[in-house]
Amino acid sequence: MRYILFLSAFLLLFSVQAQAQQEDSNIVVPAYDARLDTYEYGYNVPVKYFPITSQGQDLEMAYIYLDGAEDKPVITLLHGKNFNADYWTETAEYLVSLGYNVLIPDQIGFGKSSKPRHYQFSFATLAQHTRDLQKSLGIKQSIIMGHSMGGMLASRYALMFPEYVSKLVLVNPIGLENYLHYVEYKDTDFFYKNELSKTPESIRTYQRKNYYDGQWNDRYDALTHFMIGQVNGPDSDRIAWVNALTYDMIFTQPVIEEFKDISVPTALIIGTRDTTGPGRGWKKEGTDYTLGQYDTLGKKAAQLIPNAELHEMEGLGHLPHIEDFAHFAEILKNVLNGTEEK
């Protein structure tokens, strides 16, 4: 009898999961081109474009700017690798409600910005683009907040331009480990092959498992649509190649080695359930180190960075500002309290 009950429960769970996956596959996502021309961001202002000449190419950097109060600082939000300016919408609008001015760029190679096939991506280059954009807008100083890969970029920005940073905020940044200490180096062709193999189902499955601990809802699903649309779009090969190119800086430009040199006030906001560990699938032979233990990585990073404060969010993963925005907003408000433009 016990066996029958167990089997029934297992079959019911399998049926629910299968139904959820089937519902996912039934969501019709339009095809999108490399620049996401027909993909609408959630802001109530138009996307603008900043011209950049870099590495012999004329490029465009897409960005959103939201006006706040004249006497409040500018906060610059830097997106992660699998995201763009759009997923900051709720955060940006909340910051504006507090009076802050908010700049949200799409880095070159991401979102609605140019996707050059032949480009040497580096965090230093992207940081310089971001500073040039700020200068064009008359921004003398900014609070810099980065999530995931954007955390590595934000750290590099703070190291390069400390005089322009009033505070650094890192939200579940990757790069809290020097990955090449533990994993094999992979050429761009390796990542290109992986990118070409992506399907709508694999994108959803990856994010459900790695970002949301198996949970899923319409909001989480919506954050995959631009990726799914580009996989099914006319520029899928270009997107796969550019996405592959941008992996190299994550593995070869470890900001963790320079955390001791960060001279600006820094706050780490860490969802402790996060286990993001780039390169986990190709660790060096004989390595038993476990990548992505954010319940300890946050603490270690806070000890490395002078004048750093740590805010842990128990039970949340890689995107705390998406999983539990109310809790995230409460912490963020406390982090920003007392931050003044210099």
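Scanning the stretch 246-261 for residues that are over 30 Å from residue 117 (Cα atoms) and buried (at least 21 other Cβ atoms within 10 Å of the Cβ) returns a single hit, 259. The set of residues from the stretch 312-334 being within 24 Å of residue 209 (Cα to Cα) and outside any loop (DSSP other than H, G, I, E, B) comprises 312, 313, 320, 321, 322, 323, 325, 326, 327, 328.
Residues in the stretch 122-132 that are surrounded by fewer than 21 Cβ atoms within 10 Å (Cβ to Cβ), in contact (Cβ under 8 Å) with a residue 40 or more places away in the chain and under 15 Å from residue 53 (Cα atoms): 125, 129, 132.
Can you confirm whether residue 99 is within 21 Å of residue 331 (Cα to Cα) and surrounded by fewer than 24 Cβ atoms within 10 Å (Cβ to Cβ)?
Numbers: within 21 Å of residue 331 (Cα to Cα): yes; surrounded by fewer than 24 Cβ atoms within 10 Å (Cβ to Cβ): yes.
Yes: the conditions hold for residue 99.
Of the candidates 108, 104, 139, the single residue that is in a strand (DSSP E or B) and not acidic (Asp, Glu) is 104.
Which condition number in (1) assigned to a loop (DSSP other than H, G, I, E, B); (2) modelled with pLDDT of 95 or more; (3) more than 16 Å from the chain's Cα centre (by Cα) is the one that residue 301 fails? All conditions pass for residue 301, except number (1).
May I ask you to list pairs of residues, at least six apart or on different chains, whose Cβ atoms are under 6 Å apart, with the first in the stretch 301-319 being under 15 Å from residue 265 (Cβ atoms) and without any contact (Cβ under 8 Å) to a residue 40 or more places away in the chain and the second being of a type in the set (A, V, I, L, M, F, W, C) and crowded, with 24+ Cβ neighbours inside 10 Å? The qualifying pairs are 302/268.
Restricting to the stretch 204-245, and then to whatever is surrounded by 19 or more Cβ atoms within 10 Å (Cβ to Cβ) and of a type in the set (D, E, K, R), can you tell me which residue is farthest from residue 118 (Cα to Cα)? Top of the filtered list is 208. Annotation: of all residues in the stretch 32-87 being basic (Lys, Arg) and outside any strand (DSSP E or B), the one that is farthest from residue 235 (Cα to Cα) is 72.
Is at least one residue of the stretch 196-219 within 17 Å of the chain's Cα centre (by Cα), under 30 Å from residue 142 (Cα atoms) and among the aromatic types (Phe, Trp, Tyr)? Steps first, answer last, please.
We begin by selecting, within the stretch 196-219, every residue within 17 Å of the chain's Cα centre (by Cα); these are 203-204, 206-212, 219.
Retained after the next criterion (residues that are under 30 Å from residue 142 (Cα atoms)): 211, 219.
Imposing the further condition that a residue be among the aromatic types (Phe, Trp, Tyr) reduces the set to 211.
Looking through the stretch 196-219, at least one residue is within 17 Å of the chain's Cα centre (by Cα), under 30 Å from residue 142 (Cα atoms) and among the aromatic types (Phe, Trp, Tyr).
Taking the stretch 155-201 on its own, how many of its residues are assigned to a loop (DSSP other than H, G, I, E, B) and either closer than 30 Å to residue 100 by Cα or in contact (Cβ under 8 Å) with a residue 24 or more places away in the chain (or both)?
Taking the stretch 155-201 first, the residues assigned to a loop (DSSP other than H, G, I, E, B) are 161, 174-178, 182, 184-187, 197-199.
Of the ones still in play, those that are also either closer than 30 Å to residue 100 by Cα or in contact (Cβ under 8 Å) with a residue 24 or more places away in the chain (or both) are 161, 174-178, 182, 184-186, 198-199.
Of the residues in the stretch 155-201, 12 are assigned to a loop (DSSP other than H, G, I, E, B) and either closer than 30 Å to residue 100 by Cα or in contact (Cβ under 8 Å) with a residue 24 or more places away in the chain (or both).
For the structure I just gave you, tell me whether residue 271 is farther than 24 Å from residue 75 by Cβ and of a type outside the set (S, T, N, Q). Steps first, answer last, please.
Values: farther than 24 Å from residue 75 by Cβ: no; of a type outside the set (S, T, N, Q): yes.
It is false that residue 271 is farther than 24 Å from residue 75 by Cβ and of a type outside the set (S, T, N, Q).
The values are calculated or read from the model by the stated rules, or taken from the named source; none is laboratory data. Here the structure is a predicted model, which means the values were calculated and not measured. No Cβ is skipped: glycine too gets one built from the backbone with ideal geometry, and neighbour counts run over all protein chains shown.
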